[in-house]
Each structure stands twice: as structure tokens, then as C-alpha cells.
Amino acid sequence: MILADIPDFRAQLKANRAICGLDLGDKTIGIAISDLRRSIATPLYTVRRTKFTQDAAELLGVLAKHEVSGIILGLPLNMDGSPGPRVQSTQAFARNLEKLTPLPITFWDERLSTVAAERALIEADMSRMRRREVIDQVAAGYILQGALDRLSYLGRDDG
């Protein structure tokens, strides 16, 4: 099920299960996974895109292996907050994925996630070739970490 906001998404999550963050690109899908306490996002894997059915099968295998309870998709908005050119394809991916899994799915603003990931990798003195290999999964980590921070903030409101 696709949920419009993080509080509704949070309400659907199973306790003590990881969350997955995805950075959808034209050629790859970056995957990050949280810890069971949902406090730290870890870049995990990059899927080379082929056809949706193959991409989804590989992705669902990763989700099952890590016993994920929800999916956060990076939403590529423009800097002014308006929908970017890839928003429709991201939403279509979510609708297609929703048909294959009962896991809750929501979106997180991914503005500047790739820029932040690139800067972090440069600061780590990573070669250009290696950066190219891991940039999408690191960007997925930034997307997921933003959502985890928001979820943590909402958790403090439970009192």
C-alpha cells in the first residue's frame, strides 16, 4: 500500500524490523537498509536496471532477506518543491511494486541526496570509478536517513 505521509507509514510498520530506502535512477536502483531500531541507514546494494519484473524480483529478494517492514522511495522534486521530470516514473514504479508486495510504501524528498553522497565520497578520497559504483546506494542511505530521523522525531511525540 502506498501511503501519502510518514505518520501513516509509521503506523503500518512492524516492530523491530528494518526499513528499506531506494534511490531510483534510470540505470540503477540504490538500496539502503536501516538497523532494527530504525536509527541508522546503511548503504547496501545497487541493482542494475533491466526490466521492471527482473528489477522487482531482485529487490523483493533483498527485502525478504533483510526482513524489511516498509519501503521509502526517494521522490525527485525540483529545488522549488515542484515535481521533477522523474516523479511520474517513480510513482509508477511504486504503483507497480505495490502490486507485488504487501509492504507499506511511502516517498521522501530526495533533493540534494546525490550531491551530499558525492561530497561524502569525495571527502573519503574515493576514486571516481569507485564513486560511480556506489553513489546510488549512498544516495539511498541519505534518503533513508532523512526518513529515519523524521520517524524518530514522531516517536518522541508518543509520550
Item to check | Part-to-part distance (alpha-carbon centres) for the range 64-83 and the range 21-42, which is given in Å | outcome: 9
Next on the checklist: Given a Förster distance of 30 Å, report the FRET efficiency between Met129 and Arg49 from their Cβ-Cβ distance, rounded to the nearest 0.05.
Outcome noted: 0.90
Checklist entry - Over the chain, one equal point on each Cα, no solvent: what is log10 I(q)/I(0) by the Debye formula at q = 0.10, 0.18, 0.20 Å⁻¹? => result -0.33, -1.10, -1.36
Item to check | Stretch gain in nm, segment Ala120-Arg37, where the contour uses 0.36 nm per residue and the Cα spacing is subtracted | outcome: 27.4 nm
Next on the checklist: Between Leu60 and Ile2, what's the calculated FRET efficiency when r is the beta-carbon distance and R0 is 22 Å? Round to 0.05.
Outcome noted: 0.85
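Pulled fully out, how much extra length does the chain show between Ala92 and Lys27, if you take 0.36 nm times their separation in residues and subtract their Cα-Cα distance?
Numbers: separation 65, 0.36 × 65 = 23.40 nm, distance 1.59 nm.
Extra length available between Ala92 and Lys27 comes to 21.8 nm.
Bear in mind that the values in this text are calculations on the coordinates, not laboratory data. All values derive from a computational prediction rather than experimental measurement. Here Cβ is always computed from backbone atoms with ideal geometry, including for glycine, and neighbour counts include all displayed protein chains.
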